[in-house]
Amino acid sequence: MSEELEHSFIEQLEKHQNIVHKVCRLYTNNKDAHNDLFQEITIQLWKAFPKFRGEAKFSTWMYRVGLNTAITLYRKKKRTINTEAFDAFEFKIKSEEYDDTEEQQLKLLYQAVHQLNDIEKALVFLYLEDKNYREISETMGISEVNARVKMNRVKTKLRTILNP
């Protein structure tokens, strides 16, 4: 790979690395698993970069590679991954005025999302990233109508999980 291509890849990865971290957070529960998945996604991005044609935004392509890598990796393993709950690593600010309502709501949302299948997790992730249905359909390789239908089903499923 040329130096110019390598520089371009590193620059884009650094600019958009939070995308990879968010995918890792969605599919893992502890720091080691997160780091392993981050490394695997980075390797897959590196391998696929020479074929990136720029037909979509780099970030959209990155979402697609990241989500596909996470889904493929965890489906291949077909085993339960014993992980520690993410909240075991949270550090809270000690203050009398501290209101953790939003934090607790996010925690409940992540617990509910972890109960979804891999495709549903990807849909929720992209939706929470404020991607429109066109971008979701491009990233996931499905039609826009299919993305809307699946998202409505996932919303219903999440409501059921969160409000039994």
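Within the stretch 1-76, list the GluC sites (Glu not before Pro) lying in a DSSP loop whose Cβ has at most 10 other Cβ atoms in a 10 Å radius.
On the way: sites: GLU3, GLU4, GLU6, GLU11, GLU14, GLU40, GLU55; in loops: GLU55.
Sparse-neighbourhood loop GluC sites (Glu not before Pro): GLU55.
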query: Which part of the stretch 43-72 falls in the paramagnetic zone of LYS15, meaning amide N under 12 Å from the point 7 Å along Cα-to-beta-carbon?
result: 57-60
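Arranged from highest to lowest average of other beta-carbon atoms within 10 Å per residue, in what order do the peptides 102-108, 127-133 appear? Walk me through the numbers before you get to the answer.
Numbers: 102-108: 11.6, 127-133: 14.0.
With the highest mean Cβ count within 10 Å placed first, the list reads 127-133, 102-108.
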query: Which of the pairs LYS31/LYS131; LYS22/LYS57; LYS31/LYS150 have their Cα atoms more than 25 Å apart in this structure?
result: LYS31/LYS131; LYS31/LYS150
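We did not get these values from a lab; they are worked out from the coordinates using the rules stated. Note that the structure is predicted; figures quoted are calculated from it, not measured. Neighbour counts are summed over all protein chains in view; Cβ atoms, including those assigned to glycine, are modelled from backbone coordinates with ideal geometry.
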